[in-house]
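Enquirer: Got a structure here, written out as structure tokens. Questions coming.
What follows is calculated from the coordinates using simple rules that are stated; it is not laboratory data. Owing to the predicted nature of the structure, the values given are computational and were not obtained by experimental measurement. Cβ placement follows ideal geometry from the backbone for every residue including glycine, while neighbour counts extend to all protein chains displayed.
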Amino acid sequence: MQREPCPDRLWSDAGGAFSMGFLGGSVWHGVIGYRNYPADPNQRFSRMFAGLRSARLRAPRTGAGFGAWGFLFSTFDCALVHYRRKEDWKNPIAAGFLTGFTIAARGGLKRSVSSGIVGGLLLGLFEAVGFMLGKMVPSPEAPHGQAG
């Protein structure tokens, strides 16, 4: 599947990452808010409303964090594609390292490097899984009756 060209890819990836973070954060913070609120026998739906309130207050922040990560990752990925003049498996891994490094930069050099390594390793794992799935899925062949 062909991806969008680079300037448009930034906003698309940031929006997709925000949506994933917002939806996942809604579920996560809703469950945590529900579980942490004490049960009150006098109020029937108090725990459910506490979960909804927790999701409403905290999910946008989680989505914003995911969106910032997605925007930075796409920025570094596009910069590497432009600099190296090719799009291969090395760009996302390096972009993952640079994204993790940049996000943790306020914590000092040691924390930045370790976060960058984690980001690079995670993206390397994603690339390896994608490569293996690409090998397992058969390539589309010409329809019957047509010679190639």
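Enquirer: So if I place +1 on the C-beta of Lys and Arg and -1 on the C-beta of Asp and Glu, and nothing else carries charge, what would the dipole magnitude of the stretch 45-125 be about its Cα centre? I want it in debye, nearest 20.
Expert: Rounded to the nearest 20 debye, it is 400 debye.
Enquirer: Restricting attention to the alpha-carbon atoms of the stretch 8-68, what are Rg (one decimal) and Dmax (integer), both in Å?
Expert: 14.4, 53
Enquirer: If you average 1/r over every pair of different alpha-carbon atoms in the stretch 88-135 and take one over that average, what Kirkwood value in Å do you get?
Expert: On the way: mean 1/r = 0.0932 Å⁻¹.
Averaging 1/r across every pair of different Cα atoms and inverting gives 10.7 Å.
Enquirer: Further question on the same structure: Pairs of Cα atoms under 8 Å, at least six residues apart: use those to get the relative contact order of the chain, whole percent.
Expert: It comes to 20 percent, rounded to a whole number.
Enquirer: For the chain, build the charge dipole from Cβ charges (+1 Lys, Arg; -1 Asp, Glu) around the Cα centre, then report which of Tyr83, Ser46, His29 sits farthest towards its positive end.
Expert: Of the candidates, Ser46 comes out farthest on the positive side.
Enquirer: Let me ask something else. Just going by the charge dipole of the chain, with Lys and Arg at +1 and Asp and Glu at -1 on Cβ, which of Ala59, Leu125, Leu10 is farthest out on the positive end?
Expert: The residue sitting farthest along the positive end of the dipole is Ala59.
Enquirer: Turning to a different aspect of this structure: Given charges of +1 on the Cβ of Lys and Arg and -1 on the Cβ of Asp and Glu, with all other atoms neutral, how large is the dipole of the stretch 1-58 about its Cα centre, in debye to the nearest 20? Write out the running numbers ahead of the final one.
Expert: Numbers: 8 positive and 4 negative charges, 67 e Å.
Here the size comes out at about 320 debye.
Enquirer: In µm²/s, what is D for the chain at 4 °C and 1.567 mPa s, where D = kT/(6 pi eta Rh) by Stokes-Einstein and Rh is the Kirkwood radius from Cα pairs?
Expert: Details: Rh = 18.2 Å.
In µm²/s, the coefficient rounds to 71.
Enquirer: Mind checking which of Met20, Met48, Met132 has the largest fluctuation in a GNM of the chain, springs on alpha carbons under 10 Å?
Expert: Met132
Enquirer: With +1 on each Lys and Arg Cβ and -1 on each Asp and Glu Cβ, and nothing else charged, work out how big the dipole of the stretch 9-148 is about its Cα centre, in Debye to the nearest 20. Mind showing how you got there, number by number?
Expert: Details: 16 positive and 7 negative charges, 131 e Å.
With Lys and Arg at +1 and Asp and Glu at -1, about 620 debye.
Enquirer: Test of the criteria: in the stretch 70-117, which trypsin sites (Lys or Arg not before Pro) are in a DSSP loop and have at most 11 other Cβ atoms within 10 angstrom of their Cβ? Before the final figure, lay out the partial values.
Expert: On the way: sites: Arg84, Arg85, Lys86, Lys90, Arg106, Lys110, Arg111; in loops: Arg85, Lys86.
For trypsin sites (Lys or Arg not before Pro) across the stretch 70-117 that sit outside H, G, I, E and B with at most 11 neighbouring Cβ atoms in 10 Å, the list reads Arg85, Lys86.
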